[in-house]
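In what follows, a single structure is set out as structure tokens and then discussed.
The values are calculated or read from the model by the stated rules, or taken from the named source; none is laboratory data. Everything numeric in this text was worked out from a predicted model, so none of it was measured. Note: ideal-geometry Cβ built from the backbone for every residue, glycine included; neighbour counts use all protein chains shown. The protein model used for the area step is the full one, side chains on, heavy atoms only, and it has no ligands, DNA or RNA in it. Shrake-Rupley method; radii C 1.70, N 1.55, O 1.52, S 1.80 Å.
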Amino acid sequence: MSNYVAPARFLKSFTCPHSDCGTFAQQIWQSNPVDFSEGRTLGDSYPLATGICQFCGKPSIWLAEKMIHPSTTSAPPAHPDMPDDALKDYSEAAEVVACSPRAAAALLRLSVQRLCVHLGGDGKNLNDDIGQLVAEKRLHPTIQQSLDVVRVIGNGMVHPGQIADDSAKTVSKLFGLINVVVNQTISAEKEVQAQFEDLPEDKKLQIQKRDAASGLT
Ligand SMILES: [Zn+2]
């Protein structure tokens, strides 16, 4: 996941955009295809380029800076620990980000709203949920800021004129932020829990007794 490199035209290597590959691989590029009827290159009027993934052999096709095939996404894959309901919105956002960054931003905001419920919010109002989680000191400041960025940009893109840059590139960064949130909350908790479970039984009992005595449980 941390090795994700977004596809870009003429980049030497990137994470293959084909969903059945998704491998970080070298790309072999070909540009300015020949117009056979005229026997000349199409050149700048049709700045087409093709990159061939050296792992799966499939092409990505580019018109100037825009990838037109596969049409799917410039979004990183979702974090494996992302809860199912948040993942559904995340995946849908990944599908539409190339043709509608605004729709993707709105879906990502929804994904964050669902994530907040998993973190202890009530899911009614995202702004209130984040505020509540901050007040209860349940969010690390970095996490809170990540959530707020997705909230504000997601909201601003739905209301015209609020966010100047509504490019797919801006929205692509939001995907990464959501993965950071999942990693530092749900995954971190899972990891700590697994380590605790591995402690010897008598040590776990001692800890439970201590917590019971101090009224922590
Ligand atoms: Zn590939």
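Between helix 84-96 and the chain there is an angle of about 20 degrees, using the helix long axis and the longest principal axis of the Cα atoms. Comparing PHE24, PHE196, PHE14 in a Gaussian network model of the chain (Cα springs below 10 Å), the most mobile by mean-square fluctuation is PHE196.
Converting phi to 3J(HN,Hα) with the Karplus coefficients 6.51, -1.76 and 1.60 and the offset θ = phi - 60°, the range 171-188 yields 5, 4, 5, 5, 4, x, 5, 5, 5, 4, 4, 4, 5, 8, 10, 4, 5, 4 Hz in sequence order, with x at every glycine or proline.
Only lysine pairs 8 or more places apart, or on different chains, with alpha-carbon atoms under 25 angstrom apart are counted in the chain, and they number 17.
In sequence order, the range 193-204 has phi-based couplings of 4, 5, 5, 5, 4, 6, 5, x, 3, 5, 5, 4 Hz under the Karplus curve 6.51 cos²θ - 1.76 cosθ + 1.60, θ = phi - 60°, and Gly or Pro positions carry x. With θ taken as phi - 60° and the Karplus curve 6.51 cos²θ - 1.76 cosθ + 1.60 applied, the whole-hertz 3J(HN,Hα) list for the range 110-126 is 5, 4, 5, 4, 5, 4, 4, 5, 5, 8, x, x, 9, x, 7, 9, 4 Hz, x standing for glycine and proline. Accessible area per residue for the chain, computed on protein heavy atoms with a 1.4 Å probe, is 59 Å².
Per atom type, the chain shows carbon and sulfur on 55% of its accessible surface, probed at 1.4 Å. Label sites at GLU201 and LYS169, each approximated as a point 7 angstrom past Cα along Cα to Cβ, lie 6.0 nm apart.
What is the calculated FRET efficiency for GLN54 to ASN127, with r their C-beta to C-beta distance and R₀ = 45 Å, to the nearest 0.05? Don't jump to the answer; show the numbers that get you there.
Numbers: r = 46 Å, r/R0 = 1.02.
For R0 = 45 Å, the calculated efficiency reads 0.45.
Packing here is the average count of other Cβ atoms within 10 Å per residue, and on that basis the peptides 117-126, 53-62, highest first, run 53-62, 117-126. Compare the Cα positions of ILE153, ALA194, LEU115 along the charge dipole of the range 107-217 (+1 at Cβ of Lys, Arg; -1 at Cβ of Asp, Glu; about the Cα centre) and return the one farthest towards the positive end. After comparing all options, I get ILE153.
Give me the percent relative contact order of the chain, please, defined on Cα pairs under 8 angstrom at least 6 residues apart. Let's see the in-between values first.
Details: 296 pairs, mean separation 30.4, N = 217.
Taking the mean separation of contacting Cα pairs over the length of the chain, I get 14 percent.
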